[in-house]
Amino acid sequence: GKIVYDGEPFDEHDENLFVPLEREGSSKEVILEAENISHTFGGVKALDGVSVSFMKGEISAIVGENGSGKSTTIKMILGLIRPTKGTVRLFGLDPRAKAARARLGYLPEISHLHPFLTAEETVMYYAGLSGMKRAAAKARTAELLEELNLGYAAKRTVGGFSKGMARRVAIAAAL
């Protein structure tokens, strides 16, 4: 089928990398704002003058051909690299700020879980890294593992999990 965006057929070769998929239920709170961001790696321009904002409740996708700057953009949003030009604000803060990172969950394409930790220990570990208090982390961990149908396996080490189970543990850790 064809993808339709704002009533127009979406052209996968369009230079616009950011496609809001759903706006219903969004609010006026800006979650992410990038203004005129560019990034250069050793003289090669990976991204050139991109501006975008994502609102709370909005579901969006970053699409584009290989080498179009998708991974570079994600790295800037995560605060792993800085734009050569322009600014990125996450929850109104520099993406490297601890307060911004505490509100952000990221699930990479390939997750590396510690095989000797249990599902519960894994999610608790990531909750601690985000600064969550132990009591809140314990309650949230139990809630997420149940929601993702992993409550029965909470005390099992993730090294013995199927790929699907391991992926759900990684999703819980990101949330």
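The values are calculated or read from the model by the stated rules, or taken from the named source; none is laboratory data. Because the structure is a prediction, the values reported are computed rather than measured. Glycine also receives a Cβ, built like all others from the backbone with ideal geometry; neighbour counts cover every protein chain displayed. Protein only, heavy atoms only, side chains kept; ligands, DNA and RNA dropped before computing areas. Shrake-Rupley method; radii C 1.70, N 1.55, O 1.52, S 1.80 Å.
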Evaluation of Ala166 against (1) of a type in the set (Gly, Ala, Ser); (2) within 19 Å of the chain's Cα centre (by Cα); (3) closer than 21 Å to Arg101 by Cα; (4) at pLDDT 95 or above (one fails), failing number: (3)
Filtered residue count, region 150-159, keeping only those that are open to solvent by less than 60 Å² (accessible area, probe 1.4 Å), free of Cβ contacts under 8 Å to residues at least 40 places away in the same chain and part of a helix (DSSP H, G or I): 2
Residues satisfying the stated conditions in region 123-146, i.e. over 22 Å from Ala100 (Cα atoms) and in contact (Cβ under 8 Å) with a residue 24 or more places away in the chain: Leu145
Helices (runs of 4 or more DSSP H) lying entirely in region 36-149 (those with 3 or more residues that are open to solvent by 50 Å² or more (accessible area, probe 1.4 Å) and more than 14 Å from Ala174 (Cα to Cα)): 70-77, 134-147
